[in-house]
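One structure below.
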Amino acid sequence: KSPLAFLIGIIELFSELARLISFSFRLFGNIFAGKTLLVVAMFFIPFIIPVPLLAFEVFVGFIQAFVFAILTLFFIKLAVMEPH
């Protein structure tokens, strides 16, 4: 094969690794931000504010799970799709 095909393969490998790392950091950031919000709220007003924030955090957790499941499905589809 040609050296160009090898270069394209390296670029695709880098793209897949970058996507995986980006996906992981995005999930970590979302989880960390929610937990930090709850800790700060519990520090300032310990018994009033955290209850609605906990409910909101559960709601956001479900939305995140849905979004990341759809993104994972899309990435897997791209990985196994046959080229044109």
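The values are calculated or read from the model by the stated rules, or taken from the named source; none is laboratory data. Computed from a prediction, not measured in an experiment: that's the story for all the values here. Reconstructed Cβ throughout: ideal geometry from the backbone, glycine too, with neighbour counts over all protein chains shown. Quick note on the areas: whole protein, heavy atoms, side chains included, nothing else; ligands and nucleic acids left out. Shrake-Rupley method; radii C 1.70, N 1.55, O 1.52, S 1.80 Å.
The figures follow:
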item: Selection within region 40-57 - exposed (fewer than 11 other Cβ atoms within 10 Å of the Cβ) and assigned to a helix (DSSP H, G or I); result: PHE43, PHE44, VAL51, PRO52, ALA55
item: Count - residues of region 11-36 that are farther than 23 Å from THR72 by Cβ and open to solvent by 80 Å² or more (accessible area, probe 1.4 Å); result: 0
item: Conditions (1) within 13 Å of the chain's Cα centre (by Cα); (2) under 30 Å from GLY9 (Cα atoms); number of the one not met by LYS77; result: (1)
